Protein chains: 4
Amino acid sequence: MIAVLKQGATEEQIKNLTVWLEKRGLCVHLSKGEFHTILGLIGDTSKIDPELIEGLEMVDSVKRVSEPFKSANRKFHPDDSIIEIGNLKIGGPHFQIMAGPCSVESSEQILSIAHSVCASGASILRGGAFKPRTSPYDFQGLKADGIELLLEAKKQTGMPIVTEIMNANHLPMFEHVDIIQVGARNMQNFELLKALGTIRKPVLLKRGLANTLQELLMSAEYIMAGGNHNIILCERGIRTFETYTRNTLDLSAIPMLRELTHLPVVIDPSHACGIARLVQPMALAATAAGAHGLIIEVHNDPLHALCDGAQSLTPELFAEVAKRVRKIREVVSE
Amino acid sequence: MIAVLKQGATEEQIKNLTVWLEKRGLCVHLSKGEFHTILGLIGDTSKIDPELIEGLEMVDSVKRVSEPFKSANRKFHPDDSIIEIGNLKIGGPHFQIMAGPCSVESSEQILSIAHSVCASGASILRGGAFKPRTSPYDFQGLKADGIELLLEAKKQTGMPIVTEIMNANHLPMFEHVDIIQVGARNMQNFELLKALGTIRKPVLLKRGLANTLQELLMSAEYIMAGGNHNIILCERGIRTFETYTRNTLDLSAIPMLRELTHLPVVIDPSHACGIARLVQPMALAATAAGAHGLIIEVHNDPLHALCDGAQSLTPELFAEVAKRVRKIREVVSE
Amino acid sequence: MIAVLKQGATEEQIKNLTVWLEKRGLCVHLSKGEFHTILGLIGDTSKIDPELIEGLEMVDSVKRVSEPFKSANRKFHPDDSIIEIGNLKIGGPHFQIMAGPCSVESSEQILSIAHSVCASGASILRGGAFKPRTSPYDFQGLKADGIELLLEAKKQTGMPIVTEIMNANHLPMFEHVDIIQVGARNMQNFELLKALGTIRKPVLLKRGLANTLQELLMSAEYIMAGGNHNIILCERGIRTFETYTRNTLDLSAIPMLRELTHLPVVIDPSHACGIARLVQPMALAATAAGAHGLIIEVHNDPLHALCDGAQSLTPELFAEVAKRVRKIREVVSE
Amino acid sequence: MIAVLKQGATEEQIKNLTVWLEKRGLCVHLSKGEFHTILGLIGDTSKIDPELIEGLEMVDSVKRVSEPFKSANRKFHPDDSIIEIGNLKIGGPHFQIMAGPCSVESSEQILSIAHSVCASGASILRGGAFKPRTSPYDFQGLKADGIELLLEAKKQTGMPIVTEIMNANHLPMFEHVDIIQVGARNMQNFELLKALGTIRKPVLLKRGLANTLQELLMSAEYIMAGGNHNIILCERGIRTFETYTRNTLDLSAIPMLRELTHLPVVIDPSHACGIARLVQPMALAATAAGAHGLIIEVHNDPLHALCDGAQSLTPELFAEVAKRVRKIREVVSE
């Protein structure tokens, strides 16, 4: 960490700050320029809050030299993490497609979609049982019944399932769920993250709508700090000023995250765009950019879907997308 | 709600959609133009998801005519809500200043600050016991001990206290807290909002860093839908591209919210700017724009604060701010 | 256009507004609901400013049903536009790679890069002669001399050239330039756009850093309104809160623009990310998403580049990128 | 400037970079830590492009210690700049209200408004003659005729006038204009800024919709680098995700800019909100936050205004606003 002091900082002020920093276990290297004095702080700065130092009258600015994330950092874990989900793997050379409806609505619906996406190339079944909705008056999901229906689909098709959790108290219901999803709005629900650190099940952590990649990695760090290193990161679109698409899918997050972290990166093109006919080009683009997986909404009857119908593919279209995704994978895996 | 259909929509498609909407209790008014057909939907549209309809192939766009929030809506509750906090009131003509440290650190600290801000014009004591931090390695607050210390300060000074909750399971600890704060990162933690709907204590609901005013009001609606109408809204700065200030305080939220809702609106100039010397001008500006209250960080020793020192005022500076705020109040209350 | 009137709008107000609108050549269809009155405006609404009507006391909101862009609109021009650049074509099935240095620096530099990118698959040579820089103290380009050097490279390699204009008074210098580029910061320099409408040379119009796709299309419309329909749209990254990448490349702009307009869409992965090692994955992703072309920075000596070295590829890396781009093209063109 | 090198940087790489930097007139101070090597660059770094250095393989990150703006920097010019406009002054203790219509429409209109705002407290007349419009089909202003009408109003009332320029070629028409305005969309039209640097007339420079304060100051620097130091900065709202207001007025820009620069800061509450009834609270707030002036739209007949009617006050409301602004000024000037 580097602290740039203002021109007027006195000897005594500098000494006080140095003593305070050294008490926190840091070595302080002082270098004086014509206009500025610079303190280089060597040691474990992860426990020092840069804003605290920046707030001192004598300090002009503070800059972290090392990333604040440790367990998620590729520097300390150079090899790709490979997460196991039943017999499947994701990360490194392993690529998986997760598909299914936005919400689980009925036994017929989820079983029909599950069989269909399984046949056309999806390896993991997705489906919402607990639904975070902006309005308290909107459909909130089938909850525990939804999870039961997913488990039935898992039993019939053999596909592992991924579904979203909104409350740590619900964890017992997720006992047989294979991947627990944390939604974008809960990315910084730190109490939920801590609870997920105490288990060992894979967590699919979605990036918040206006969060940076560093914040996403810090949220992964919360779970990892508890001992659960089975994290799959997911980019699902961020908020921008564009209005034709619901959100803006940040595909540069793929190569950037792959450089910063060893964790696998999955893309959700359905939520990002909110428009079914954009799912195919964005799924192909995500694959070309090096994603470790995709999570795609598929619906057997968009007209009667209770939510998010706009962004769901029919099973026929999904099969076409999955086929072309495999071809792009061949090019990028060469 | 208005649905604009595409040029090519067939008679049968229009009929099917009309039947589907009528089944949901709506009256459908059809009006045909040269290029577009428009469906006007009359009735309780709050339970219809506009994105579901927008997703249909035949639909060009959908527009809500009425706001999706009801209990928080000034149209249905024209008079200002006045929230009672012990003997104090906030809302309508009642203005309050909340002040105190970012985090409760020790008995001496909180008691010293409490006595000091009480003497210089604050009427409610703020202080963090549970601290949401981006990094799992940062100080997370004194938790239950912090609340005990706040209650001791309340006892000595008679000031009601406001402090943040992060987990609905902690509610029993908040039994004697006067106002429960929901932080920006939890604004859309819907499970927490639902839990706060089941109690009757005032809730200070902070706007999320990248959330719209409508989303803030929908989160208030979540609490109100549970029966708790004691909501105080709080603007604390939103994320923009500006980097000199930590966030950008959106003061136009004050007159805009006062028009949209009957709930009181409080401004937090300390978190918004992240710079202590900006707190005074922004506190005065917020007051001039018609805020019902301010929440200001005050610290007796910014050098040793464990967090957020950059944005805290000394008690002397706070006294000066409080004095000038009262003068601005006189002008705007005329 | 649809205007939703407030509940309290009087008969006389509605009549006055109707008369005013009819004078402007519109038919007004009135439909009354329980809570709202809706005016449907039929006719050429492109000359009506929605904000003017929205400003009236009696009006709740106004919504455009048709897009405000006409010449650029695919609805009125269903076939892809194919722009001719010398013997080359771009748009529809025609894909081109533009490559070259950020700035033209010397004869040796531009000739060396030109020969190299020409050999490895670029068909158009890019290079900045006039450079828009945030600081007046930064290098502003070789200006007229830079254009001369580009023309020499064109002569030697036969490649058409694309370079940026910043001032309509410079147009005579661009006489032999093949494609004139409008940079992101000038996307809404309407006087420059009007001047480019008076010529017939292809224009590469870059999207502004915080502009929507509709605004980009309206800027294309400015040029087309003057009679120049040879427009190539270019997405080059938008401003978001992410800091690891300089900007965020919005690849969903590709399928979205292809739906909205008939104009070709080109992607600039170099400026968007600002990091050379992200150029390859983003170039592949852009191709997979259906772009009509790429514009890529290539530098023979990044260490000594006068600007933007961070985002430039070496010629060897460029050759590798071009090869893989062609393979992705094969998959998406099937 | 500080450059943080990566762990693997070799001695030779460091030496090469040091030589390169020293050739550019900088002293290089090297300090080695366990994980990082830091180069402190002392001297005039304003001509070094940080992105160029950041792009080198061996460099982790680069941080400017000094601001890149010089002439606009308060560090080198500690006293407030006071700009003279005829007999009026703005800046330091001098506060002025500019008022008038969005667009000049007719002789009657501009004369009537000019007399009215002059009587109720405005000291400078504003009015648009050249109008930047997103659509080429929208009203573009009366142009030269509009300036003639403003000059007639100036003659009758004695008020200096401020109006927007969009094209440096139009400068001769602005000979008798007192303040030349640069609109938000032209804030980074560097060719226009350079042209305004060659004259000595006051320039009102508006912040772009998605620009930072540093970029605003760099644009001021462009004009000042040419020799024209008569700059008035103007905040007029920035783009955020909020949709109830057109833009978000960033009032923290006032104290922040007053700290960073000696130039006066004026606020435009009309364009920012786009809603006439928000103009009063935001004008009062801007004054309380320490603005040096306001620029407010006033219209004598909002119904027939050709543009921006939504954000214009009637002359009666303007008189009320001006009266209360004066009272707030009294409090903040104490």
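For the reader, a short list of remarks on this structure follows.
- Selection from the range A:1-12 of residues that are in contact with a strand residue (DSSP E or B) (Cβ under 8 Å, 6 or more places away or on another chain) and farther than 11 Å from A:Leu39 by Cβ: A:Lys6
- Taking the range A:142-171 as the range and being in contact with a Leu (Cβ under 9 Å, 6 or more places away or on another chain), part of a loop (DSSP other than H, G, I, E, B) and free of Cβ contacts under 8 Å to residues at least 40 places away in the same chain as the test, the residues that pass are A:Leu142, A:Met166, A:Asn167.
- The residues of the range A:85-96 that are part of a strand (DSSP E or B), in contact (Cβ under 8 Å) with a residue 24 or more places away in the chain and of a type outside the set (Gly, Ala, Ser), listed by number, are A:Ile85, A:Leu88, A:Ile90, A:His94, A:Gln96.
- Taken together, D:Gln109, D:Gln140, D:Gln156 contain a single residue that is surrounded by fewer than 24 Cβ atoms within 10 Å (Cβ to Cβ) and within 14 Å of another protein chain (Cβ to nearest Cβ), which is D:Gln140.
- Beta carbons closer than 6 Å, at least 6 apart along the sequence or on distinct chains, pair a first residue in the range B:172-185 that is modelled with pLDDT of 95 or more with a second that is part of a loop (DSSP other than H, G, I, E, B) and among the polar types (S, T, N, Q) for B:Arg185/A:Gln188.
- Residues that are in a loop (DSSP other than H, G, I, E, B), facing chain D (nearest Cβ under 10 Å) and not β-branched (Val, Ile, Thr) within the range C:189-234 comprise C:Asn189, C:Gly208, C:Leu209, C:Ala210, C:Asn211, C:Gly226, listed in sequence order.
- Scanning the range B:154-168 for residues that are within 25 Å of the chain's Cα centre (by Cα) and of a type outside the set (Asp, Glu) turns up B:Lys154, B:Met159, B:Pro160, B:Ile161, B:Val162, B:Thr163, B:Ile165, B:Met166, B:Asn167, B:Ala168.
- Within the range C:270-294, the set of residues being hydrophobic (A, V, I, L, M, F, W, C) and part of a loop (DSSP other than H, G, I, E, B) comprises C:Ile275, C:Ala289, C:Ala291.
- Restricting the search to strands (runs of 3 or more DSSP E) fully inside the range A:1-84 and requiring at least 1 residues that are more than 8 Å from every other protein chain (Cβ to nearest Cβ) and surrounded by fewer than 17 Cβ atoms within 10 Å (Cβ to Cβ) gives A:27-32.
- The condition (being in contact with a helix residue (DSSP H, G or I) (Cβ under 6 Å, 6 or more places away or on another chain) and touching a residue at least 12 places away in the same chain (Cβ under 8 Å)) is satisfied by just one residue among D:Thr261, D:Thr198, D:Thr248: D:Thr261.
- Any hit, the range A:235-244, residues being more than 17 Å from C:Met256 (Cα to Cα), more than 7 Å from every other protein chain (Cβ to nearest Cβ), in contact (Cβ under 8 Å) with a residue 60 or more places away in the chain and not aromatic (Phe, Trp, Tyr): no
- Scope the range D:170-209; condition among the polar types (S, T, N, Q) and farther than 15 Å from D:Ala129 by Cα; matching residues: D:Asn186, D:Gln188, D:Asn189, D:Thr198
- All positions within the range D:179-188 that are within 25 Å of D:Leu125 (Cα to Cα) and in a loop (DSSP other than H, G, I, E, B): D:Gly183, D:Met187
- Only a single criterion out of (1) crowded, with 20+ Cβ neighbours inside 10 Å; (2) under 13 Å from the mean Cα position of the chain (by Cα); (3) within 19 Å of D:Arg239 (Cα to Cα); (4) not charged (D, E, K, R) is not satisfied by C:Thr240, namely (2).
- Number of the exception - A:Glu297 against (1) outside any helix (DSSP H, G or I); (2) surrounded by fewer than 24 Cβ atoms within 10 Å (Cβ to Cβ); (3) more than 7 Å from chain C (Cβ to nearest Cβ): (2)
- Selection within the range A:194-215 - of a type in the set (A, V, I, L, M) and under 22 Å from A:Ile90 (Cα atoms): A:Leu196, A:Ile199, A:Val203, A:Leu204, A:Leu205, A:Leu213
- Test: A:Ala220 is closer than 18 Å to A:Thr198 by Cβ, more than 15 Å from the chain's Cα centre (by Cα) and hydrophobic (A, V, I, L, M, F, W, C): no
A quick yes/no check of all residues on (1) in contact with a strand residue (DSSP E or B) (Cβ under 8 Å, 6 or more places away or on another chain); (2) under 16 Å from C:Arg185 (Cβ atoms):
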site: D:Phe130; (1), (2): yes, no
site: D:Gln140; (1), (2): no, no
site: D:Ile147; (1), (2): yes, no
site: D:Lys155; (1), (2): no, no
site: D:Ile161; (1), (2): yes, no
site: D:Asn169; (1), (2): no, no
site: D:Val177; (1), (2): yes, no
site: D:Ala184; (1), (2): yes, yes
site: D:Leu192; (1), (2): yes, yes
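- B:Leu149 being crowded, with 20+ Cβ neighbours inside 10 Å and over 22 Å from the mean Cα position of the chain (by Cα): yes
- Verdict on D:Lys201 being of a type in the set (Lys, Arg), farther than 22 Å from C:Ala195 by Cα and buried (at least 24 other Cβ atoms within 10 Å of the Cβ): no
- Evaluation of B:Thr261 against the conditions (1) within 13 Å of chain A (Cβ to nearest Cβ); (2) under 21 Å from B:Ala288 (Cβ atoms) shows that the sole unmet condition is (1).
- Residue within the range C:242-252 that is at pLDDT 95 or above and among the β-branched types (Val, Ile, Thr) present: yes
- Flag if C:Arg74 is touching a strand residue (DSSP E or B) at 6+ places or on another chain (Cβ under 7 Å), more than 30 Å from C:Glu11 (Cα to Cα) and of a type outside the set (Gly, Ala, Ser): yes
- Residues in the range D:97-125 that are small (Gly, Ala, Ser), under 27 Å from the mean Cα position of the chain (by Cα) and outside any helix (DSSP H, G or I): D:Ala99, D:Gly100, D:Ser103, D:Ser120, D:Gly121, D:Ala122, D:Ser123.
- Search result, residues across the range D:159-177 that are within 21 Å of D:Ser120 (Cα to Cα) and either among the acidic types (Asp, Glu) or surrounded by fewer than 23 Cβ atoms within 10 Å (Cβ to Cβ) (or both): D:Pro160
- All conditions but one from (1) touching a Pro at 6+ places or on another chain (Cβ under 9 Å); (2) in contact (Cβ under 8 Å) with a residue 12 or more places away in the chain apply to B:Phe69; the one that does not is (1).
- Residue in the range D:245-258 that is farthest from B:Arg246 (Cα to Cα), counting only those that are more than 7 Å from every other protein chain (Cβ to nearest Cβ) and assigned to a loop (DSSP other than H, G, I, E, B): D:Arg246
The values are calculated or read from the model by the stated rules, or taken from the named source; none is laboratory data. All of these numbers come straight from a predicted model, not from anything done at the bench. Using ideal geometry, Cβ is built from the backbone for each residue, glycine included, and neighbour counts are taken over all protein chains shown.
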